[in-house]
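Structure first, then comments.
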Amino acid sequence: MKADHTQVAQLLKTARGQIDGILKMVEEDRYCMDVSTQISAAVAVLKRANRTVLRAHMDCCVRQAVADGTADSKLDELTALLDKLAE
């Protein structure tokens, strides 16, 4: 992985902390809207981590594949991932 490991790890640890907090909220039978708000916040952090990883992949791996003349497989990977993200 070419992304900044420290940055990605911190984002994932933040998401893990949020999920732990959400689980506690569920166990405490907290208000639905509060739980949903926290779920949305955790999803946002995970999306940010994913964007960071994908940006680094495009900046390094895809760019290198283009320079090497082997971009087709990398572009196919990105297309497949975008299809999954769009579901």
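The table that follows gives values for the structure above.
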| quantity | calculated |
| --- | --- |
| Extension gain, Ala80 back to Ala65 (0.36 nm per residue minus Cα-Cα distance, nm) | 3.7 nm |
| Debye intensity ratio in log₁₀ form over the Cα atoms of the range 1-46, taken at each q of 0.20, 0.32, 0.33 Å⁻¹ | -0.62, -1.09, -1.12 |
| Per-selection Rg to Rh, the chain - Cα, Kirkwood hydrodynamic radius | 1.15 |
| Sequence of Glu27, Glu77, Glu87 once ranked by neighbouring C-beta atoms within 10 Å, starting from the fewest | Glu87, Glu27, Glu77 |
| Cβ-placed point charges (K, R +1; D, E -1), dipole of the range 5-86 about Cα centre in debye, nearest 20 | 260 |
| Label-point separation, Val43 to Tyr31 (7 Å along Cα→Cβ), nm | 2.0 |
| Rounded FRET efficiency, nearest 0.05, which uses the C-beta distance separating Asn50 from Leu23 and R0 of 22 Å | 0.50 |
| J(HN,Hα) series, the range 44-57, from Karplus relation 6.51 cos²θ - 1.76 cosθ + 1.60, nearest Hz, glycine and proline x | 4, 5, 5, 5, 5, 4, 5, 4, 4, 5, 5, 4, 5, 4 |
| Spatially near lysine pairs across the range 5-86, Cα under 19 Å, sequence gap of 8 or more or different chains | 4 |
| On Cα atoms only, tilt of 71-86 relative to the major axis of the chain in degrees | 20 |
| Whole-Å distance, taken between Cα centres, linking the range 10-29 and the range 41-87 | 27 |
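Where a number appears in this text, it was derived from the coordinates with a stated rule and is not lab data. These numbers come from a predicted model, not from an experiment. Positions of Cβ are generated from backbone atoms using ideal geometry, with glycine treated the same way; all protein chains shown enter the neighbour counts.
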